[in-house]
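J.: First the structure, which I've put down as structure tokens, then a few questions once you've had a look.
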Amino acid sequence: MFQELAVLVVRRSYDSREPRIITDMSRRAGSRKSAQFTESVIREMTRLSDAHGAVNLSQGFPDFAAPEAVKAAARDAIAADINQYAVTWGAHPLREAVAREFSRRYGIAVDPDEQVTICCGSTEAMMSTMLATVDPGDEVVVFEPFYENYGPDAILSGAVPRYVTLHEPDWTFDFDALAAAFNDRTRAIIINTPNNPTGKVFTHSELTAIAELCCRWDVLAITDEIYEHIIYDGCRHVPMAAIEGMADRTVTLNSLSKTYSVTGWRVGWAIGPGRLTAAIRKVHDFLTVGAAAPLQAAGVAALSLPDSYYEELATGYQRRRDMLLALLEPRGFVCFKPHGAYYVMTDIGGFGFADDIEFARYLVREVGVAVVPGSSFYHDQVLGRTKVRFTFCKRDETLNEAGRRLKTMRAPVSKQAHGVVGSP
Ligand SMILES: Cc1ncc(COP(=O)(O)O)c(C=O)c1O
């Protein structure tokens, strides 16, 4: 494979009059690793949305303002010339704030000097954690549907993913299927709660069952908890690190992105036991050196917002969720009501399209609404063939405009008749 990709060309070298055969690296498609995954479908949908002037309900970034106090803190930090590299694993005040808030909320002691690494978003925190903890050939258990980064994260770190399906409508998993995915090659399990794209909030008993397997097989839990505060219907976020026996084998990832509506700032973190943090910090240092220093300073202000901020955040998103559901259901989308995060997975089988890709393409080009095809969240792409994901982290005007455009669609013959030919 490696040899096939290399293109041999004849070139005249500078130091000889004789032509010599060299490998023209510029003609190679890329590494074997990079050939195993595609560009992000989610980010691609945003580009398509812009090209077609569509309402973008694909990528999860808010189109409303970030909290004024947080923006002011960023402006102040630049005015105060906080312009140079922060300590590579994060400015001390931000590490302290991250540790303080996690301990305050969940009663878990965190040492900011030994257990917190500030990264360029939770995206980099995940990549650094995987590279720091997983060896090539190690197996990593991943629930599907999954946030699409986890696939490339596994490939880049050389991990072999083992997928376990979350089943709609309530996205539960079969414990025996999960148990069967663990063996003595298993190094880690990736958990995302509240979950993108399903909106599932893992319960205490589900996490306890996962924890028992982690302890039995000596496996790490890498938990992506970036929607921690975006949670509805009285559900409660349970961090994996709080489950008995897990504090010493969990790396918790989080970021400013979703909680403070600053997805472009790229400030996130990993909290983990000291021995793992030391490894994560080394990888992080050589990947990025560090996250933007003035925005780390602003992060301290963000993490100091009062509890009422988080209550309003959740209430506001629950209202938007209900608004989007009320726009989609009458159009014939079968919606799986989310209990957390800011996405709605829908079944579009009744519309009669060949698959989710054709449907998403039709929606962005002809209706003017961008969504994410469901198959991009699955390893077994058949499972996503009749699904698309909408996000609702948008202003009311944006959601209403999407609703107005969706009214131009002909509703399917039968809402529940998945796969029955409707009318594109
Ligand atoms: C589950 C999940 N993890 C991570 C990210 C990326 O987060 P960050 O902006 O902190 O890199 C997203 C973004 O949509 C996400 O949904």
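The values are calculated or read from the model by the stated rules, or taken from the named source; none is laboratory data. Note that this is a predicted model, so its numbers are computed, not measured. Here the Cβ is made from the backbone with ideal geometry for all residues, glycine too, and neighbour counts use every protein chain on show. With ligands, DNA and RNA removed, areas are computed over all heavy atoms of the protein, side chains included. Shrake-Rupley method; radii C 1.70, N 1.55, O 1.52, S 1.80 Å.
J.: State all residues of the stretch 77-101 that are closer than 15 Å to Pro273 by Cβ and open to solvent by 20 Å² or more (accessible area, probe 1.4 Å); if no residue qualifies, say none.
T.: Selection gives Trp89 alone.
Quick grid of which residues meet (1) buried (at least 22 other Cβ atoms within 10 Å of the Cβ); (2) away from the ligand (no atom under 16 Å from the Cβ); (3) in a helix (DSSP H, G or I):
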| position | (1), (2), (3) |
| --- | --- |
| Gln318 | no, yes, yes |
| Met323 | no, yes, yes |
| Ala326 | no, yes, yes |
| Cys335 | no, yes, no |
| Met345 | yes, no, no |
| Gly350 | yes, yes, yes |
| Ala354 | no, yes, no |
| Arg361 | no, yes, yes |
| Arg365 | no, yes, yes |
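Condition check ((1) within 14 Å of the ligand (Cβ to nearest atom); (2) in contact with a Gly (Cβ under 7 Å, 6 or more places away or on another chain); (3) touching a residue at least 24 places away in the same chain (Cβ under 8 Å)) across all residues:
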site	(1), (2), (3)
Arg104	no, no, no
Gly107	no, no, yes
Gln115	no, yes, yes
Cys119	yes, yes, yes
Phe143	yes, no, yes
Asn149	yes, no, yes
Ala159	no, no, yes
Asp174	no, no, no
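J.: Of the residues Ala179, Ala91, which single one is closer than 21 Å to His379 by Cβ and at pLDDT 95 or above?
T.: Criteria check complete, one pass: Ala179.
J.: So is Glu144 open to solvent by 50 Å² or more (accessible area, probe 1.4 Å) and over 30 Å from Thr315 (Cβ atoms) or not?
T.: No, not satisfied.
J.: Go through (1) within 20 Å of Val238 (Cβ to Cβ); (2) outside any loop (DSSP other than H, G, I, E, B); (3) within 14 Å of the ligand (Cβ to nearest atom) for Asn196 and report which single condition fails.
T.: (2)
J.: Then there is this: Residues being surrounded by fewer than 16 Cβ atoms within 10 Å (Cβ to Cβ) and over 14 Å from Ser261 (Cα atoms): count how many of those fall in the stretch 53-71.
T.: Looking only at that region, the number is 1.
J.: Within the stretch 212-233, does at least one residue satisfy the condition of being more than 16 Å from the ligand (Cβ to nearest atom) and of a type in the set (Gly, Ala, Ser)?
T.: Checked against the condition, which is being more than 16 Å from the ligand (Cβ to nearest atom) and of a type in the set (Gly, Ala, Ser), the stretch 212-233 yields no hits at all.
J.: Here's another thing I want to ask about it. Take His339 and decide whether it is at pLDDT 95 or above and surrounded by 16 or more Cβ atoms within 10 Å (Cβ to Cβ).
T.: yes
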